[in-house]
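The values are calculated or read from the model by the stated rules, or taken from the named source; none is laboratory data. Values in this document were obtained by computation on a predicted structure and should not be read as measured data. Cβ: placed from backbone, ideal geometry, glycine included. Neighbour counts: every protein chain shown. Surface accessibility is based on the protein's heavy atoms, side chains included, excluding ligands, DNA and RNA. Shrake-Rupley method; radii C 1.70, N 1.55, O 1.52, S 1.80 Å.
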Amino acid sequence: MDELNERDLLRVRLRFLDLSKSFFLGEPDAEKISRWRGTFSALVQEQVSPGFDRVVKELSDALSVKSLKELQDEYYNLFVDPFDGAPVNTNASFYFDGRSFGQSLVEIRGLLNDAGLQKDESVTDPEDSLVVMLDSFASLVEEEKINGGETVKELQGRLLTEFLDPFSEKFCQALEGNQNADFFRLCGRFLNEYLDLERGLVIE
């Protein structure tokens, strides 16, 4: 990633953030899985870092054998089914405060307010949900792409180190410990490895 010029690097970062978000943004459909397959088939040819390359290969292999129904069933079981599933929470407060809608939600709202970001009214997930946090981080990368500046870099660093990084670690542990998580355990590893790359870009 260091070999890319600054503008190209910002575009790559936005694409990877969108890819990371796509794993957890609603039940997968045929179009999404086709996009994942094409993306990871191409990524397997690249060399980024040992951990990142390893999980890319694992995801590419999994996508070559998993059916749409299997992936949909796993997603529903892990993230939707309130009765018979093995739910994995996707909100930071659950891991940081022991309950959803805790103090961490207040704190991330404060950070987003500092950044001038506001959640779209159509989004029902709270600001400390994984999907909204990734969206917010992408908005800050987009802001860097347009205007640059140290302030936006500092805000990226705060969102990453105070929320996304520690959340991702605990979220991955929850997926690794869930016997129903097969494909999405790999998605959690991908998120972790990608955020590790981001840390190298935004933390001085």
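If Gly157 satisfies every condition in (1) surrounded by 14 or more Cβ atoms within 10 Å (Cβ to Cβ); (2) on the phi > 0 side of the Ramachandran plot but one, which is the exception?
(2)
Looking at region 29-45, which of its residues are within 19 Å of the chain's Cα centre (by Cα) and either farther than 23 Å from Asp73 by Cα or at pLDDT below 95 (or both)?
Leu43
Do we have any residue at all in region 161-179 that's within 21 Å of Leu25 (Cα to Cα), over 17 Å from the mean Cα position of the chain (by Cα) and surrounded by fewer than 20 Cβ atoms within 10 Å (Cβ to Cβ)? First the steps, then the outcome.
Of the residues in region 161-179, the ones within 21 Å of Leu25 (Cα to Cα) are 163-176, 178.
Going one step further and asking which of them are over 17 Å from the mean Cα position of the chain (by Cα), we end up with 178.
Those still in the list that are surrounded by fewer than 20 Cβ atoms within 10 Å (Cβ to Cβ) too: 178.
Checked region 161-179: at least one residue is within 21 Å of Leu25 (Cα to Cα), over 17 Å from the mean Cα position of the chain (by Cα) and surrounded by fewer than 20 Cβ atoms within 10 Å (Cβ to Cβ).
Hey, among the residues in region 17-31 that are in contact with a helix residue (DSSP H, G or I) (Cβ under 9 Å, 6 or more places away or on another chain) and not in a loop (DSSP other than H, G, I, E, B), which one's nearest to Leu201 (Cα to Cα)? Please lay out each step first, then the result.
The first filter runs over region 17-31 and keeps only residues in contact with a helix residue (DSSP H, G or I) (Cβ under 9 Å, 6 or more places away or on another chain), leaving 17-30.
From what's left, not in a loop (DSSP other than H, G, I, E, B): 17-22, 30.
Details: Leu17: 14, Asp18: 17, Leu19: 18, Ser20: 17, Lys21: 19, Ser22: 22, Ala30: 33 Å.
Of everything passing the filter in region 17-31, Leu17 is nearest to Leu201 (Cα to Cα).
Does Glu107 qualify as being in contact (Cβ under 8 Å) with a residue 40 or more places away in the chain, over 17 Å from the mean Cα position of the chain (by Cα) and under 22 Å from Asn178 (Cβ atoms)?
no
Looking for something in a helix (DSSP H, G or I), open to solvent by 70 Å² or more (accessible area, probe 1.4 Å) and out of contact with any Phe, Trp or Tyr (no Cβ under 9 Å at 6 or more places or on another chain) - is there at least one such residue anywhere in region 118-141? Outline the logic, then answer.
Quick first cut of region 118-141, residues in a helix (DSSP H, G or I) only: 130-141.
Then drop every residue that is not open to solvent by 70 Å² or more (accessible area, probe 1.4 Å), which leaves none.
Scanning region 118-141, I find no residue that is in a helix (DSSP H, G or I), open to solvent by 70 Å² or more (accessible area, probe 1.4 Å) and out of contact with any Phe, Trp or Tyr (no Cβ under 9 Å at 6 or more places or on another chain), so the answer is no.
When you go through Leu14, Leu59, Leu10 one by one, which is the residue that is open to solvent by less than 90 Å² (accessible area, probe 1.4 Å), assigned to a helix (DSSP H, G or I), touching a Phe, Trp or Tyr at 6+ places or on another chain (Cβ under 8 Å) and touching a residue at least 60 places away in the same chain (Cβ under 8 Å)? Explain how you work it out, then say what you get.
Working: Leu14 fails: touching a Phe, Trp or Tyr at 6+ places or on another chain (Cβ under 8 Å); Leu10 fails: touching a Phe, Trp or Tyr at 6+ places or on another chain (Cβ under 8 Å).
Only one candidate passes the filter, namely Leu59.
Going by the conditions given, is Ser20 open to solvent by less than 20 Å² (accessible area, probe 1.4 Å), polar (S, T, N, Q), touching a residue at least 24 places away in the same chain (Cβ under 8 Å) and on the phi < 0 side of the Ramachandran plot?
Working: open to solvent by less than 20 Å² (accessible area, probe 1.4 Å): yes; polar (S, T, N, Q): yes; touching a residue at least 24 places away in the same chain (Cβ under 8 Å): yes; on the phi < 0 side of the Ramachandran plot: yes.
So Ser20 fits the description; yes.
Select, from Ser67, Ser34, the only residue that is open to solvent by less than 60 Å² (accessible area, probe 1.4 Å) and over 30 Å from Gly200 (Cβ atoms). Break it down into steps so the answer makes sense when it comes.
Values: Ser34 fails: open to solvent by less than 60 Å² (accessible area, probe 1.4 Å).
Of the residues listed, the single one that is open to solvent by less than 60 Å² (accessible area, probe 1.4 Å) and over 30 Å from Gly200 (Cβ atoms) is Ser67.
Would you tally the residues in region 180-198 being under 11 Å from the mean Cα position of the chain (by Cα) and open to solvent by 10 Å² or more (accessible area, probe 1.4 Å)? Write out each step before concluding.
Restricting attention to region 180-198, the residues satisfying the condition of being under 11 Å from the mean Cα position of the chain (by Cα) are 187-195.
Still in the list and also open to solvent by 10 Å² or more (accessible area, probe 1.4 Å): 189, 192-193.
Total satisfying the criteria: 3.
Would you check if there is a residue in region 8-20 being touching a Lys or Arg at 6+ places or on another chain (Cβ under 9 Å), modelled with pLDDT of 95 or more and under 23 Å from Ala174 (Cβ atoms)?
yes
Taking region 37-56 as the search range and keeping residues that are in a loop (DSSP other than H, G, I, E, B) and free of Cβ contacts under 8 Å to residues at least 40 places away in the same chain, which one is most open to solvent (accessible area, probe 1.4 Å)? I'd like the intermediate steps shown before the answer.
Our first condition is that a residue be in a loop (DSSP other than H, G, I, E, B); within region 37-56, this holds for 44-49.
Now narrow it down to the ones that are free of Cβ contacts under 8 Å to residues at least 40 places away in the same chain: 44-47.
Values: Val44: 54, Gln45: 142, Glu46: 105, Gln47: 170 Å².
By that ranking, first place goes to Gln47.
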